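Report on the structure given below.
The values are calculated or read from the model by the stated rules, or taken from the named source; none is laboratory data. Computed from a predicted structure; not experimentally measured. Don't worry about glycine lacking a Cβ; one is built from the backbone with ideal geometry, like all the others, and counts go over all protein chains shown. These accessible areas exclude ligands, DNA and RNA; they are computed on the full protein's heavy atoms, side chains included. Shrake-Rupley method; radii C 1.70, N 1.55, O 1.52, S 1.80 Å.
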Amino acid sequence: NAGVTQTPKFRVLKTGQSMTLLCAQDMNHEYMYWYRQDPGMGLRLIHYSVGEGTTAKGEVPDGYNVSRLKKQNFLLGLESAAPSQTSVYFCASSSREFNYGYTFGSGTRLTVV
Amino acid sequence: AQSVTQLGSHVSVSEGALVLLRCNYSSSVPPYLFWYVQYPNQGLQLLLKYTSAATLVKGINGFEAEFKKSETSFHLTKPSAHMSDAAEYFCAVSEWTGNQFYFGTGTSLTVIP
């Protein structure tokens, strides 16, 4: 089925460890996004990309890096994980015509201990 | 930048009662408007969207929303709540010339048997 796939679905990290979250979409969407979701705070944009090879900071970019080397993939990296990065991470994509809305992945639940 | 306000972080209704979830946005220019639903431990799914066609928009699962420019509102309603409607609901806004969506902080709907 067409859509957005996130890997892994769950991960536990120790403070200071690094990891990369992978987002892949097969809808040929130009735009891709990484959000984090925390209780009572809704969705907060971390980074986004408006095309292959381009990235931009969102609302809460500190502690994260991203790359979009291929149009269909958007990677989110944590170089040195902190307990404050414990969250559920969602990837989303959209076409340039925003009237279709976002398509979301199923999320990655990350715990940093 | 846009802002989205969802009044009431928690709403409880009895099964069979009217569901009303409120959303107000800040733009003076009619944007694209969306409602998303998130069931426990899942990603966000598109419920319905307004993209400058009819002001009353019908979505999945019997939900509908009305765009009111004068009130800058896009409230979500359903005539009769069902137990399966229990979920988190997010309102989102996108400007026609923008490159991202702006989400409200969400409303958790509880349906009481």
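Looking for something touching a strand residue (DSSP E or B) at 6+ places or on another chain (Cβ under 6 Å), away from every other protein chain (no Cβ under 14 Å) and buried (at least 17 other Cβ atoms within 10 Å of the Cβ) - is there at least one such residue anywhere in region B:97-109? For region B:97-109, residues touching a strand residue (DSSP E or B) at 6+ places or on another chain (Cβ under 6 Å), away from every other protein chain (no Cβ under 14 Å) and buried (at least 17 other Cβ atoms within 10 Å of the Cβ): present. Residue check: A:R109 meets all listed conditions (1) part of a loop (DSSP other than H, G, I, E, B); (2) within 14 Å of another protein chain (Cβ to nearest Cβ); (3) touching a residue at least 60 places away in the same chain (Cβ under 8 Å) but one, namely (1).
Condition check ((1) assigned to a strand (DSSP E or B); (2) at pLDDT 95 or above; (3) within 12 Å of the chain's Cα centre (by Cα)) across all residues:
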{"position": "A:T20", "(1), (2), (3)": "yes, yes, yes"}
{"position": "A:M27", "(1), (2), (3)": "no, no, no"}
{"position": "A:R44", "(1), (2), (3)": "yes, no, yes"}
{"position": "A:S80", "(1), (2), (3)": "no, yes, no"}
{"position": "A:C91", "(1), (2), (3)": "yes, yes, yes"}
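Go through region B:28-61 and report how many residues are open to solvent by 20 Å² or more (accessible area, probe 1.4 Å), within 14 Å of chain A (Cβ to nearest Cβ) and in a loop (DSSP other than H, G, I, E, B). Result for region B:28-61: 11.
Residues in region A:42-68 that are open to solvent by less than 40 Å² (accessible area, probe 1.4 Å) and of a type in the set (V, I, T) were compared, and the one that is nearest to the other protein chains (Cβ to nearest Cβ) is A:I46.
Before we move on, is B:A17 away from chain A (no Cβ under 14 Å) and either under 11 Å from B:Y89 (Cα atoms) or not in a strand (DSSP E or B) (or both)?
Working: away from chain A (no Cβ under 14 Å): yes; either under 11 Å from B:Y89 (Cα atoms) or not in a strand (DSSP E or B) (or both): yes.
Yes: the conditions hold for B:A17.
All of (1) closer than 26 Å to A:E59 by Cβ; (2) within 14 Å of chain A (Cβ to nearest Cβ); (3) open to solvent by 70 Å² or more (accessible area, probe 1.4 Å) hold for B:E88 with one exception: (3). For region B:32-67, the set of residues classified as hydroxyl-bearing (S, T, Y), touching a residue at least 40 places away in the same chain (Cβ under 8 Å) and in contact with a Phe, Trp or Tyr (Cβ under 6 Å, 6 or more places away or on another chain) consists of B:Y32, B:Y36, listed by residue number. For region A:1-13, taking the residues that are touching a strand residue (DSSP E or B) at 6+ places or on another chain (Cβ under 7 Å) and of a type in the set (A, V, I, L, M), the one that is least open to solvent (accessible area, probe 1.4 Å) is identified as A:L13.
Just one of the numbered conditions (1) under 18 Å from A:Y102 (Cα atoms); (2) at the interface with chain A (Cβ under 10 Å from one of its Cβ atoms) is not true of B:S9: (1). Within region A:14-41, the set of residues being more than 22 Å from B:E88 (Cβ to Cβ) and either within 13 Å of chain B (Cβ to nearest Cβ) or buried (at least 19 other Cβ atoms within 10 Å of the Cβ) (or both) comprises A:Q25, A:H29, A:E30, A:Y31, A:M32.
Inside region A:69-78, can you point out the residues that are over 18 Å from A:T15 (Cα atoms), away from chain B (no Cβ under 14 Å) and either assigned to a strand (DSSP E or B) or of a type in the set (K, R) (or both)? Reasoning before the result, please.
First, the residues of region A:69-78 that are over 18 Å from A:T15 (Cα atoms): A:69-75.
Now narrow it down to the ones that are away from chain B (no Cβ under 14 Å): A:69-73, A:75.
Within region A:69-78, A:K70, A:K71, A:N73, A:L75 meet the criteria.
The set of residues from region A:81-101 being out of contact with any helix residue (DSSP H, G or I) (no Cβ under 9 Å at 6 or more places or on another chain), within 11 Å of chain B (Cβ to nearest Cβ), open to solvent by less than 10 Å² (accessible area, probe 1.4 Å) and more than 14 Å from A:I46 (Cβ to Cβ) comprises A:F98, A:G101.
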